[in-house]
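A quick write-up on the structure given underneath.
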Amino acid sequence: MKKLRGMHELYAEDEIYADEMLWRRKTPLTRRGFLRGAGLSAMSAAVGASIPFAKYMPAGLIPAALAQTDAPFEIPGKNGLMVLNDRPINAETPAHLLDDRVTPTNRLFVRNNGIPPFTDDIEPLAWRLTIEGESCLRPLSITLEELKGRYKRHTLQLQIECGGNGRSEFYPAAKGNQWTTGAIGCPEWTGVRLRDVLDDCGVARDAVYVAYEAADTHLSGDPTKRPISRGVPIHKAMEAESLLVWEMNGEPLPPLHGYPLRLLCAGWPASVSGKWLQRLLIRDRVHDGEKMTGQSYRVPCKPIEPGEAVADQDMCIIESMPVKSLITYPKSGIQHPRDQKLNLRGHAWAGDDRVRRLYTSVDFGATWQAAKLDKPVNRLAWQHWQTSVRFPADGYFEVWARAEDDNGESQPMVLPGWNPRGYLNNACHRVAVMVHA
Ligand SMILES: Nc1nc2c(c(=O)[nH]1)N[C@H]1C(S)=C(S)[C@@H](COP(=O)(O)O)O[C@H]1N2
Ligand SMILES: [Mo]
């Protein structure tokens with residue numbers, strides 16, 4: 001079930017928590033001031049102007065500009081997202097709001113496993129990244145300012161999709177955020193290549209994995225626990241598109257997306273793209289950090305019956321994500337006149353691979369027609385498609401979209417293999433169209 005809550009409700013329950021969650025503002029004893037940096041920019045963006053007296057603004061105060069509305073709870077700086085959970089904040093984007101070729105910041109889903117660091121505490125240029133680990137030859141500690149100055153900058157459009165996107169459709173139901181289709185986006189990111197930094201540190205011959213540790217804290221408040229620490233094999237870390245980024249869509253990373261520095265390894269479950277990045281470990285083994293083991297981001301190595309138990313040694317870590325697509329226009333449920341063509345468009349992506357064809361159907365998959373499909377702007381960016389269809393009669397129709405990757409793998413029309421945590425649902429996206437005379 002979708003959870004639509006009002007901002008007032010969140011503030012009424014716990015105003016300090018709401019304030020901290022939304023703006024990452026630390027509540028001073030005086031309960032005043034201190035909102036600056038990215039937290040202040042997030043609030044400014046939400047109210048639509050700079051806030052000259054921000055330093056006097058009491059903690060726990062909903063800006064009146066946002067309070068005087070009955071709209072369901074919106075994460076400030078976001079537009080139209082569905083909130084799935086507010087402890088921690090998780091929100092997804094309805095398909096028709098992902099219509100832009102480059103996902104705007106206000107339309108990118110948010111997935112947090114823990115409590116983000118306080119934005120007020122962060123001096124972005126002094127932020128430190130440490131690189132060490134068993135297979136790191138020359139451990140390095142570098143500030144964000146040095147990182148920006150020392151390595152060549154790259155700007156790429158890279159798609160990130162939560163491994164659990166589509167989870168809500170699995171039966172028996174899987175625990176976790178009940179994502180429908182909206183935990184995906186493809187913004188433009190700016191940073192340096194991870195491999196340029198790793199080369200500087202020296203990667204030993206026995207290196208197997210590169211892992212991240214970050215500044216967010218465990219929901220329980222226990223400082224000895226981490227919310228998440230994942231990683232990728234060396235070959236993925238060394239790809240030209242694996243980046244350490246500080247900008248999204250030409251602006252500093254927003255607080256909820258990893259300000260001031262994050263890792264981005266596109267095409268894999270987005271959980272490998274560590275936010276609030278503090279430490280990289282070059283490991284001589286498969287990383288064994290939080291959410292690398294057990295059922296987290298792992299699926300049965302061989303297909304199983306829905307609901308069947310799987311032994312730990314039969315679970316495999318998810319790597320490249322499967323081929324998938326979205327219909328971003330029209331919005332599901334529209335009315336359409338029968339004598340007119342209906343234009344359709346959307347995006348398609350295929351993990352490390354490329355999409356080679358996109359088909360649509362208006363007869364529940366009985367027949368398919370090929371759409372026009374663009375090449376990706378750069379490797380690991382999603383690809384745009386468009387086509388138009390006619391309807392033979394009045395009544396209820398569904399438009400289905402199905403992508404096929406370069407290996408000939410196609411999206412399934414029904415649910416793919418059940419797995420305990422409900423990962424990797426790449427079933428075809430569908431929208432409803434009511435055709436009338
Ligand atoms: N430090 C840290 N990095 C993290 C997470 C987190 O909770 N903490 N969540 C991961 C998961 S599960 C996902 S899907 C993506 C979500 O990225 P976004 O919130 O920028 O869309 O961040 C990943 N990186
Ligand atoms: Mo995720």
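The values are calculated or read from the model by the stated rules, or taken from the named source; none is laboratory data. Because the structure is a prediction, the values reported are computed rather than measured. We place every Cβ from the backbone using ideal geometry, glycine too, and count neighbours over all the protein chains shown. Note: accessible area is taken over every heavy atom of the protein model, side chains too, but ligands, DNA and RNA are not part of it. Shrake-Rupley method; radii C 1.70, N 1.55, O 1.52, S 1.80 Å.
General observations
- Heavy-atom accessible area for Lys275, with the other protein chains in place and a 1.4 Å probe, reaches approximately 20 Å².
- Area of Cys136 that stays accessible when all protein chains are in place (1.4 Å probe, Å², to 10): 10 Å²
- Across the chain, counting alpha-carbon atoms alone, Rg and Dmax equal 22.3, 71 Å.
- Overall, the accessible surface of the stretch 256-372 at a probe of 1.4 angstrom is composed of carbon and sulfur to the extent of 45 percent.
- Percentage relative contact order, the chain, counting C-alpha pairs under 8 Å, at least six apart: 15 percent
- Solvent accessible area, Å² - His96, 1.4 Å probe, full protein context: 60 Å²
- Exposure rank, largest accessible area first [Thr180, Thr360, Thr367; 1.4 Å]: Thr367, Thr180, Thr360
- In order through the stretch 321-335: 3J(HN,Hα) via Karplus (6.51 cos²θ - 1.76 cosθ + 1.60), integer Hz, x for Gly, Pro: 7, x, 4, 7, 8, 9, 9, 9, 8, x, 6, 4, x, 6, 9
- Remark on the stretch 300-394: Rg and Dmax equal 18.0, 58 Å (Cα only).
- More than 28 angstrom apart: percent of Cα pairs within the stretch 74-232: 34 percent
- Of the residues Glu161, Glu145, ranked by 1.4 Å probe accessible area with the largest first, the sequence reads Glu145, Glu161.
- Cys residues of the chain that find no other Cys beta carbon under 4.7 Å: Cys136, Cys162, Cys186, Cys201, Cys265, Cys428.
- Cα pair distances in the stretch 124-317, grouped into 5 Å bins until the bin that holds the longest one, percent each: 1, 7, 15, 19, 20, 16, 11, 6, 3, 1, 0
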